[in-house]
Amino acid sequence: MHNSVVKRFGILTSGGDAPGLNAAIRGVARTAMDVYGMEVIGIEGGYRGLIEGNCRKLNASDLSGILTRGGTILGTSREKPFKHPEPDPETGRLPVDSIKYHYQKWGLDALVVLGGNGTNTTASLLAQEGLNVIGLPKTIDNDLPLTDVTFGFHSAVTVATEAIDRLHTTAHSHSRVMVIEVMGHKAGWLGLYAGTAGGGDVILIPEIPYEIEPIAKHIKARAEGGHPFSIVVVAEGARSVKEAQMDKKEFKKSRADMPYSIAYRVAKEIEKATDIESRVTVLGYLQRGGTPVSYDRVIATQVGTKAAQMLAEGDFGKMVAIQNGVTVSVPLSDIAGKIKKVPLDHPLLVAARQVGTCFGD
């Protein structure tokens, strides 16, 4: 048993669920218990559990058989304790005060949080409030800065790619345009990877504002060349050139007024411009569900064990990241409020263009 700065810590999962969360919980907790003799307190329902005081001690039996399970055994929420804080009607405490209260009441030496941008931004704010916090990089969007990859991403890419593969057959049979919408609100990693892997003819991502003319031209050229069907992969955050010129407020309002998701609009625009029947499939929550692929299990285990080591060494106020295949720790303050977008010179983007993919520009 190694010496450790931390004797007892809390662990929670926050934000959207993703394959690999349980593998990461196991990685942290097993190492913490077996290697460093720590006590692990599982906080239920994300930051809400920390505010409301819902927790349970995790034992070895809780960690058995969870490596392969999707979702999270701790449950999650999108609770943001620093956004529009309201005092508790019973205690009068603000959310951050309730967090500090339970942190002390439970005798925690540290907190480990598993999540994406919002989760790690909150973690950074809690670190500024004096709590010992360590973050782990989870999101199917792969849009966390300072890490090459997040766990959950490759599982989502696999699900989306399989869906595109299946749509190929029906698109081919009916000579249709199939528009498939994937997640990716602010960054297009999922659309780029799944679209390229699935042989998407058109890929629309938030980083490259699109116009319908080059898309229609590309689809018509395929039809004239003996391919009367096309696959169009659209990230939910894709925007037209016109929308890209709007300010944030104006864009949000225009999207709120839209009665359907972006894929439906793109399909209508394509059908109007090409006279080719277009159909829509929105993958939605399917991308976040199910069993993690082996790659996500491996990296979730790696970042989890690294987090336990950081707890033991007192390396707080950091997020575990993967850089060039190595697990490292990076300051939470360098991640807070930031998004990792697809660079326009990214090797996969360049490769996709070279094999004839249209990006609507």
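Worth pointing out:
- Flag if residue 212 is open to solvent by less than 40 Å² (accessible area, probe 1.4 Å), farther than 21 Å from residue 340 by Cα and not charged (D, E, K, R): yes
- Restricting 360, 317 to those that are over 24 Å from residue 197 (Cβ atoms), in contact with a helix residue (DSSP H, G or I) (Cβ under 6 Å, 6 or more places away or on another chain) and open to solvent by less than 60 Å² (accessible area, probe 1.4 Å) reduces the list to 317.
- Of all the residues in the range 285-298, those that are open to solvent by 10 Å² or more (accessible area, probe 1.4 Å) and in contact (Cβ under 8 Å) with a residue 24 or more places away in the chain number 8.
- Looking across the range 34-50 at every residue that is without any contact (Cβ under 8 Å) to a residue 40 or more places away in the chain and more than 27 Å from the chain's Cα centre (by Cα), the one that is nearest to residue 306 (Cα to Cα) is identified as 34.
- From the options 243, 277, residue that is under 15 Å from residue 186 (Cα atoms), in contact (Cβ under 8 Å) with a residue 24 or more places away in the chain and surrounded by fewer than 18 Cβ atoms within 10 Å (Cβ to Cβ): 243
- Identity of the residue in the range 51-107, surrounded by 15 or more Cβ atoms within 10 Å (Cβ to Cβ), free of Cβ contacts under 8 Å to residues at least 60 places away in the same chain and among the aliphatic types (A, V, I, L, M), that ends up nearest to residue 158 (Cα to Cα): 66
- Residue within the range 125-140 that is in a loop (DSSP other than H, G, I, E, B), charged (D, E, K, R), buried (at least 17 other Cβ atoms within 10 Å of the Cβ) and in contact with a Ser or Thr (Cβ under 9 Å, 6 or more places away or on another chain) present: no
- Filter result (surrounded by fewer than 23 Cβ atoms within 10 Å (Cβ to Cβ) and of a type outside the set (D, E, K, R)) within the range 172-182: 172, 173, 174, 175
- Residues within the range 100-110 that are hydrophobic (A, V, I, L, M, F, W, C) and either at pLDDT below 95 or in contact with a Phe, Trp or Tyr (Cβ under 7 Å, 6 or more places away or on another chain) (or both), tallied: 2
- Check on residue 161, open to solvent by less than 30 Å² (accessible area, probe 1.4 Å) and polar (S, T, N, Q): yes
- Matching residues in the range 331-361 - criterion: being within 26 Å of residue 216 (Cβ to Cβ) and in a loop (DSSP other than H, G, I, E, B): 342, 344, 346, 355, 356, 357, 359, 360, 361
- Checklist (1) on the phi > 0 side of the Ramachandran plot; (2) modelled with pLDDT of 95 or more applied to residue 175, failing item: (2)
The values are calculated or read from the model by the stated rules, or taken from the named source; none is laboratory data. Since the model is a prediction, treat every value here as computed from it, not as a measurement. Please note: Cβ atoms are built from the backbone with ideal geometry, for glycine as well, and neighbour counts cover all protein chains shown. Note: areas computed on protein heavy atoms with side chains; ligands, DNA, RNA excluded. Shrake-Rupley method; radii C 1.70, N 1.55, O 1.52, S 1.80 Å.
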